[in-house]
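Each remark here refers to the structure printed beneath this line.
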Amino acid sequence: MASAPSSAEPAPSRTKSSVHLPDTARELVKILVTGPFGVGKTTLIDSVSEIRPLHTEEQLTEASVAVDDLAGVREKTTTTVAIDFGRISLKGGAVLYLFGTPGQERFRALWDDIAYGALGALVLVDTRRIDESFDALGLVEESGLPYAVALNTFPDSRRYTEEQLRRSLDLDPDTPMVICDARDTHSSVDALLALVQHLIDRTDTDRTNTDRADTDRTDTDPTSTGPTSVADRTSPEPR
């Protein structure tokens, strides 16, 4: 990935032909869409996916009342019990495979399996229930995944300054934080592009640091021929 594309062009429509990968696809990237229960993960994937999204939703029942806190999301009637899945092709040849995670603690065992192989995560936050985002942020940070934060807007969302939100969420200065309406395609794509650009920036920084370290090692040790690759290693000869 060299540069993040713009969302100025409309997302592809869900046609029969769009089920197949475009001929321009060059890089396939797995992305997590995560966050607390009822934050809008399913809605975001549904709004951007160029294929018919896969949803594993079940009706909320009285049996879940004791474990699913509906405070702030009283209108919610279903919940994801495994994953949401969608796909979006970006200009430049990158194709994002979007995996939405369940938001409840009781599905914690699924998280590591869903996260396996992902390059980054988009963490959705509801500013009416900021403290409920802490667990999702903790899981992402424990996994070592780079991430961006998308503040999903609701009609009764409270207003905070960027400084207040960053301090409350304990975000690093370079962690992207954007405002998003998960129902709106362009807004959701922009949030994903912020994450993609963050991944590109981190890759460029890591590459620069590696090159600098190799140069420093060569300058310090004149006999050094550079980093040892797997191909450079050989098994010892038998005696």
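The values are calculated or read from the model by the stated rules, or taken from the named source; none is laboratory data. This one's a predicted model, so the numbers in the text were calculated from it and none came from an experiment. Methodologically, a virtual Cβ is constructed for each residue, glycine included, from the backbone with ideal geometry; neighbour enumeration extends over all protein chains shown. Ligands, DNA and RNA are excluded from the accessible area calculation, which covers all protein heavy atoms including side chains. Shrake-Rupley method; radii C 1.70, N 1.55, O 1.52, S 1.80 Å.
Less than 5 angstrom separates the built amide H of A121 from those of L32, Y147, A148, all sequence-distant by 5 or more or on a different chain. In order along the range 119-125, the phi-based Karplus estimate (6.51 cos²θ - 1.76 cosθ + 1.60, θ = phi - 60°) of 3J(HN,Hα) comes to 9, x, 9, 9, 9, 8, 10 Hz; Gly and Pro are listed as x. Sorting the segments 189-196, 149-156 by their residues' average number of neighbouring beta-carbon atoms within 10 angstrom, most packed first, yields 189-196, 149-156.
Which net charge results when you count Lys and Arg as +1 and Asp and Glu as -1 among the other residues whose beta-carbon is under 11 Å from that of L44? Let's see the in-between values first.
Numbers: positive: K41, R183; negative: D46, D84, D181, D184.
Taking every other residue near L44 into account, the sum is -2.
The listed residues T203, T42, T24 rank as T24, T203, T42 when sorted by accessible area, largest first, using a 1.4 Å probe.
Please say if the range 119-199 is rounded, prolate or oblate, where rounded means a/c under 1.5 for a ≥ b ≥ c the square roots of the C-alpha gyration tensor eigenvalues, and otherwise the choice is prolate for a/b larger than b/c and oblate otherwise?
Working: a/c = 1.61, a/b = 1.11, b/c = 1.45.
In terms of gyration-tensor shape, oblate.
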